[in-house]
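Asks: My structure is below; once you've seen it, I'll send some questions.
The values are calculated or read from the model by the stated rules, or taken from the named source; none is laboratory data. Not measured: the values here are computed from a predicted model. Virtual Cβ from ideal backbone geometry, glycine too; neighbours counted across all protein chains shown. Note: accessible area is taken over every heavy atom of the protein model, side chains too, but ligands, DNA and RNA are not part of it. Shrake-Rupley method; radii C 1.70, N 1.55, O 1.52, S 1.80 Å.
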Amino acid sequence: MTFADVVSYVMGITKRPDKQAETERAVNAALSYFCLKEKFDKDIIESSITINNSLYGDTISLASLTRFREFKYIKVPGKLSYLKRMDSTQIFSPGGIMQKNCFYTAGTNLTYILSTLAPSLEVAYYTYPAVLSGVQTHWMLEISPYCVIDKAAAEIFKTIGDDASFKIHEGFARDRYDVLVRDLA
């Protein structure tokens, strides 16, 4: 289903055509809510980041990564192991020795320390969902649109004070989301 189809469906459930803008916001909010509750493989982007091949470690900006949320993995090309995710306070071991083959993120920056020189890093990261409009779609609207539809309808019912309908659709959304999570696990 497209975003417009879902918005139309929600407005059909709520019988509130005067709430188009609120319904569009509710659909995007429901999509974001469900995507952030779980780490879905369908939200992963795999990419390569060019790094300075004369440095064993550096801090680089992640601003070029599309809707970056969190890393699933980082590895050096040609190596079988992944870099270890660490907290910035763990970079030095108790003996004061700098850890190797590790990384941490701080804000929109990635700091990495390698044991060998490399021209790039292979990364996989989770993304935030885009704010949809018109005929755009999202994988969740294709696979399980009714959890998003019911969550958005529940939000509209809550804003207009229909608590009974809110509870019904919130329950439907939760049940359908649980089925989606089990199916994708």
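Asks: Determine the pairs where a residue that is farther than 16 Å from K19 by Cα, located within region 147-168, has a partner that is among the basic types (K, R) and outside any helix (DSSP H, G or I) with Cβ atoms under 9 Å apart, the partner being 6 or more residues away or on another chain.
Replies: Taking only residues 6 or more apart or on different chains, not a single pair turns up.
Asks: Related question: State whether one or more residues within region 87-103 are open to solvent by less than 50 Å² (accessible area, probe 1.4 Å), modelled with pLDDT of 95 or more and not aromatic (F, W, Y).
Replies: There is no residue in region 87-103 that is open to solvent by less than 50 Å² (accessible area, probe 1.4 Å), modelled with pLDDT of 95 or more and not aromatic (F, W, Y).
Asks: Follow-up question, since we're still on this one. Mind checking which residues of region 138-162 are closer than 19 Å to D183 by Cβ and not acidic (D, E)?
Replies: Of everything in region 138-162, those that are closer than 19 Å to D183 by Cβ and not acidic (D, E) turn out to be H138, W139, M140, L141, I143, S144, P145, Y146, C147, V148, I149, K151.
Asks: If I filter region 27-39 for residues that are under 22 Å from the mean Cα position of the chain (by Cα) and either closer than 24 Å to K100 by Cα or not in a helix (DSSP H, G or I) (or both), do I get at least one hit?
Replies: yes
Asks: Looking only at region 28-48, count how many residues are basic (K, R) and under 14 Å from Y73 (Cα atoms).
Replies: Here the count works out to 1.
Asks: Can you find a residue that is assigned to a helix (DSSP H, G or I), open to solvent by 30 Å² or more (accessible area, probe 1.4 Å) and free of Cβ contacts under 8 Å to residues at least 24 places away in the same chain anywhere in region 58-65?
Replies: No, region 58-65 has no match at all.
Asks: Go through (1) modelled with pLDDT under 95; (2) closer than 30 Å to V135 by Cα and name the single condition D58 misses.
Replies: (2)
Asks: So, one more: Could you list, in sequence order, all residues of region 160-173 that are of a type in the set (D, E) and either surrounded by 15 or more Cβ atoms within 10 Å (Cβ to Cβ) or under 20 Å from M1 (Cα atoms) (or both)?
Replies: Across region 160-173, the qualifying residues are D162, E170.
Asks: Yes or no: R176 crowded, with 18+ Cβ neighbours inside 10 Å, within 24 Å of the chain's Cα centre (by Cα) and free of Cβ contacts under 8 Å to residues at least 40 places away in the same chain?
Replies: yes
Asks: Regarding A164, is this residue at pLDDT 95 or above, in contact with a Leu (Cβ under 9 Å, 6 or more places away or on another chain) and over 20 Å from D43 (Cα atoms)?
Replies: Criteria not met by A164.
Here's the yes/no breakdown for (1) at pLDDT below 95; (2) open to solvent by 50 Å² or more (accessible area, probe 1.4 Å); (3) part of a loop (DSSP other than H, G, I, E, B); (4) within 18 Å of K37 (Cβ to Cβ):
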position: T105; (1), (2), (3), (4): yes, yes, no, no
position: Y112; (1), (2), (3), (4): yes, no, no, no
position: S115; (1), (2), (3), (4): yes, yes, yes, no
position: A124; (1), (2), (3), (4): no, no, no, no
position: T137; (1), (2), (3), (4): no, yes, yes, no
position: Y146; (1), (2), (3), (4): no, yes, no, yes
position: K151; (1), (2), (3), (4): no, no, no, yes
position: A154; (1), (2), (3), (4): no, no, no, yes
position: K158; (1), (2), (3), (4): no, yes, no, no
